[in-house]
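Peer 1: What follows is a structure written as structure tokens; I'll ask about it next.
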Amino acid sequence: MNRDELVSFLDNTLESAKFSDYSPNGLQVEGCEQVHKVVVGVTACQALLDEAVRRQAQAVIVHHGYFWKGESPRVVGYRRQRLATLIKQDINLLAYHLPLDAHPQLGNNAQWALAMGWQAQGRFGDQDIGWWGELPGAGLTLSQLAERSREVLGRVPTVVGDGARTIKRLAWCSGGAQGYMEAAAGLGVDAYLSGEISEQTTHVAREHGMAYLACGHHATERFGPRALAAHIRDSLGLDCEFVDVDNPA
């Protein structure tokens, strides 16, 4: 498949043009024109690039790419090594950050809800990245919700709140979205779930009378890339694999 056709397909599918983001979405590093093998992952770390080389991929697609706002522009150290690998091997790097959080079917938040059995009812937060909804039936206790999260994500979440509390209405946003705590509280939810926790997160949750679960940044952002890899295989017939580089975060 032609590289530009792949880029156009992904840009259109994920509606990347409508997002104001912290890094460029779409093609970040240009490689060869023809793509036969694609590797998809969470972060364009050296381990993922090395795996792409081993699998003879012509394109790597990630959620966390390069060229973040506020980041040093110097190409030194590990940044040089990553770019050198891509350029030497003629591999294309594509990245989709917020578009891959927000997509209504393929996104991290949509796929997280599907895996957990949550019933989505609406969106909130900056650019509608966050989601809210309900647990089916009578809900779960906070301890049961935490255990379900551990089972699905393979991480023991950090929990703020009374484990015996009943959770019925909840909000969630993958990754480092603990800053949406107050917006979630405004929805009247029993619990908010995200990937990370900061020092102030505990106090804000307690003072809003809301439970909080930090379920892992990497752990909550594997869903979208995995779903995207399957979508590329099904829609384009490309050899496309999701590769999970272990990360305890």
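Any read-out appearing in this document is the output of simple, stated calculations on the displayed coordinates, not a laboratory observation. The shown structure was predicted, so the numbers you read here are calculated from the model rather than taken from an experiment. Note that each Cβ is placed from the backbone with ideal geometry, even for glycine, and that neighbours are counted across all protein chains shown.
Peer 1: Taking amide hydrogens as modeled 1.01 Å from N in the peptide plane, which residues meet the under 5 Å criterion relative to I91, leaving out close sequence neighbours?
Peer 2: Residues meeting the amide H criterion: C32.
Peer 1: Moving to a separate point now. W118: net charge of surrounding residues, Cβ under 12 Å, Lys/Arg +1, Asp/Glu -1, itself excluded?
Peer 2: +2
Peer 1: While we're here: Could you rank the peptides 151-163, 39-51 by their average count of other C-beta atoms within 10 Å per residue, with the highest value first?
Peer 2: 39-51, 151-163
Peer 1: Each label point is 7 Å from the Cα along the Cα-to-Cβ direction; what then is the distance between the points at D244 and R169, in nm?
Peer 2: 3.3
Peer 1: Counting only other residues whose beta carbon sits under 11 Å from that of A177, what net charge do I get with K and R as +1, D and E as -1?
Peer 2: Summing Lys/Arg as +1 and Asp/Glu as -1 gives -4.
Peer 1: Sticking with this structure for a sec: Given contacts defined as C-alpha pairs under 8 Å and at least six residues apart, what's the relative contact order of the chain, whole-number percent?
Peer 2: It rounds to 20 percent for the chain.
Peer 1: In the neighborhood of F223, defined by Cβ-to-Cβ distances under 12 Å, what is the net charge if each Lys or Arg adds +1 and each Asp or Glu adds -1?
Peer 2: Result for the neighbourhood of F223: -1.
Peer 1: Oh, and also: Taking the Cβ-Cβ separation of S8 and E134 as r and a Förster radius of 41 Å, what is the calculated FRET efficiency to the nearest 0.05?
Peer 2: 0.65
Peer 1: Pairs of Cα atoms under 8 Å, at least six residues apart: use those to get the relative contact order of segment 3-97, whole percent.
Peer 2: In percent, rounded to a whole number, it is 38.
Peer 1: I've got another one for you. Bin all alpha-carbon pair distances of segment 3-97 at 5 Å intervals from 0 and give each bin's fraction as a whole percent.
Peer 2: 3, 14, 25, 27, 18, 11, 3
Peer 1: In addition: With each pseudo-label sitting 7 Å past Cα toward Cβ, what's the Q127-Q105 distance in nm, one decimal?
Peer 2: Between Q127 and Q105, the simple spin-label model gives 2.2 nm.
Peer 1: Pairs of alpha-carbon atoms within less than 8 angstrom and 6+ residues apart define the contacts here; what relative contact order does segment 103-220 have, in percent?
Peer 2: After rounding, I find 24 percent.
Peer 1: Okay, moving on. Could you sort the peptides 108-115, 16-23, 80-87, 142-149 by per-residue average Cβ neighbour count (10 Å cutoff), highest mean leading?
Peer 2: With the highest mean Cβ count within 10 Å placed first, the list reads 108-115, 142-149, 80-87, 16-23.
Peer 1: In addition: Using each residue's phi in segment 162-173, evaluate 6.51 cos²θ - 1.76 cosθ + 1.60 at θ = phi - 60° and report the 3J(HN,Hα) Karplus result to the nearest Hz, with x for Gly and Pro.
Peer 2: Coupling constants for segment 162-173: 7, x, 7, 5, 7, 10, 10, 9, 9, 10, 8, 7 Hz.
Peer 1: Something else: What list of ³J(HN,Hα) couplings, whole Hz, do you get for segment 73-82 from phi and the Karplus terms 6.51, -1.76, 1.60, once you set θ to phi - 60° and write x for glycine and proline?
Peer 2: x, 6, 9, 9, x, 5, 5, 4, 5, 4
Peer 1: Near the amide H of D239, under 5 Å away, which other amide H atoms are found, from residues 5 or more places off or on another chain, if H is placed in the peptide plane?
Peer 2: Under 5 Å from the amide H of D239: V38.
Peer 1: Treat the count of other C-beta atoms within 10 Å as a stand-in for reagent exposure and order D234, D190 from fewest to most.
Peer 2: Listed from fewest to most nearby Cβ atoms, that is D234, D190.
Peer 1: Enter the angle in degrees (range 0 to 90, nearest 10) between the Cα long axis of helix 223-236 and the first principal axis of the Cα atoms of the chain, meaning the one along which they spread out most.
Peer 2: 50
Peer 1: Taking a ≥ b ≥ c as the square roots of the Cα gyration tensor eigenvalues, with a/c under 1.5 meaning rounded and otherwise prolate when a/b beats b/c, else oblate, which class fits segment 103-220?
Peer 2: Verdict is rounded for segment 103-220.
Peer 1: From the phi angles alone, apply the Karplus equation (6.51, -1.76, 1.60; θ = phi - 60°) to segment 123-129 and give each ³J(HN,Hα) in whole Hz, x where the residue is Gly or Pro.
Peer 2: With coefficients 6.51, -1.76 and 1.60, one gets 10, 7, x, 4, 6, 6, 6 Hz.
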